[in-house]
Amino acid sequence: MIHLQGPQMLKMLEKSLRNSLPEALKVYGTVFHMNQGNPFNLKALVDKWPDFETVVIRPQEQEMTDDLDHYTNTYQVYSKNPKKCQQFLGLPEVINWKQHLQIQSSQPSLDTVIENLGAINSGKVKQTQNILYVSIKTAKELIPSIMDGKDLLKLDKMKSINQEMFKYSSLDVTHAALVNKFWLFGGNEKSHRFIEHCLRAFPSFCLLGAEGTPVCWSLMDQTGETRMAATVPEYRNQGLVAHVLYNQVQALEKLGFPVYAHVDKTNHFMQRANRNLSIPVPGLWNQWNYVPL
């Protein structure tokens, strides 16, 4: 195991991962933001260098003090050889299998290895697989192959909004409880802390309603993915989230960020909202939750 330290090694890793998109996207996005200041204080581990086969991005050990906090205890994994990475992922200094944790990857082929490691460590693994969306500009610049034959919709299909009633703004940590309430993966104290961390580390986007409070929003997580988008119930079915997502994508692309997101397979409304802005890559958003028994 090799811990990559210093800007030169991390820049080399980012460049190498760029050649492995879209399968490396979740790890690439994380390393990209590590090279932009590393706001989540993450570290990169590889099996060998520079000709690595497997890379794992994880928090520093001092950040992972709560064995039950799988939001913090989250790993991003990419392997050029998914069938042969089990030994590396099984090392306790790479992944702490004594904790509740999450593994995220754009490689569904890792499922067998993660299931095996879950069994070896006497734990339970649950996989979640959603649709991955990549913004049109990001796809054109980083993964042009996924653009082939795509029939893109035009942005003028979005519903107009009342510019006097709704104002574009951003969130702060005082809004973490509101986001947590409507986040499908949240709703608890540990997710609340994670959301606060996301709000401190990355740009957030929202629409304020007539009362001056957020009615619709979207955030970014430690991998640079845009997520947690939601609208409060009384303002739904007005197309507000499409405007927030459009504003977010435009702002992040102006900063030069790769822009991508995931949507639940059953959430047809959010699929429509993303369709104007992004290219779907089904099957490439994967998360495994592990619980030691």
What number of residues within the range 47-75 are in contact with a helix residue (DSSP H, G or I) (Cβ under 8 Å, 6 or more places away or on another chain), closer than 21 Å to residue 88 by Cα and surrounded by fewer than 16 Cβ atoms within 10 Å (Cβ to Cβ)?
3
Failed item in (1) over 30 Å from residue 75 (Cβ atoms); (2) assigned to a helix (DSSP H, G or I); (3) not aromatic (Phe, Trp, Tyr), with residue 212 passing the rest
(2)
Scanning the range 259-272 residue by residue, those out of contact with any Lys or Arg (no Cβ under 9 Å at 6 or more places or on another chain) and open to solvent by 10 Å² or more (accessible area, probe 1.4 Å) turn out to be 264, 265, 266, 267, 268, 270, 272
For residue 224, are the conditions met, namely being small (Gly, Ala, Ser), in a loop (DSSP other than H, G, I, E, B) and closer than 15 Å to residue 139 by Cα?
no
Enumerate the pairs (first residue in the range 249-263 and on the phi > 0 side of the Ramachandran plot; second residue anywhere and small (Gly, Ala, Ser) and open to solvent by less than 10 Å² (accessible area, probe 1.4 Å)) with beta-carbon separation below 9 Å, excluding pairs fewer than 6 apart on the same chain, so at least 6 apart or on different chains.
none
Condition first: in contact with an Asp or Glu (Cβ under 8 Å, 6 or more places away or on another chain), open to solvent by less than 50 Å² (accessible area, probe 1.4 Å) and small (Gly, Ala, Ser). Can you find one or more residues in the range 159-173 that meet it?
no
Members of the range 193-209 found to be in contact (Cβ under 8 Å) with a residue 40 or more places away in the chain and either assigned to a helix (DSSP H, G or I) or open to solvent by less than 30 Å² (accessible area, probe 1.4 Å) (or both), listed by number:
193, 194, 197, 200, 201, 202, 205, 207, 209
Which one is farthest from residue 89 (Cα to Cα), of the residues in the range 138-153 that are in a loop (DSSP other than H, G, I, E, B) and touching a helix residue (DSSP H, G or I) at 6+ places or on another chain (Cβ under 9 Å)?
153
Could you list, in sequence order, the residues of the range 78-137 that are farther than 24 Å from residue 2 by Cα, basic (Lys, Arg) and in a helix (DSSP H, G or I)?
137
Residue among 244, 259 that is within 16 Å of the chain's Cα centre (by Cα) and modelled with pLDDT of 95 or more:
259
Flagged pairs (Cβ under 7 angstrom, 6 or more apart or on separate chains; first in the range 122-133, in contact (Cβ under 8 Å) with a residue 24 or more places away in the chain; second open to solvent by 30 Å² or more (accessible area, probe 1.4 Å) and among the basic types (Lys, Arg)) are 130/265; 131/265
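The values are calculated or read from the model by the stated rules, or taken from the named source; none is laboratory data. Bear in mind the structure is a predicted one, so any value in this text is a computation, not a measurement. Don't worry about glycine lacking a Cβ; one is built from the backbone with ideal geometry, like all the others, and counts go over all protein chains shown. Note: accessible area is taken over every heavy atom of the protein model, side chains too, but ligands, DNA and RNA are not part of it. Shrake-Rupley method; radii C 1.70, N 1.55, O 1.52, S 1.80 Å.
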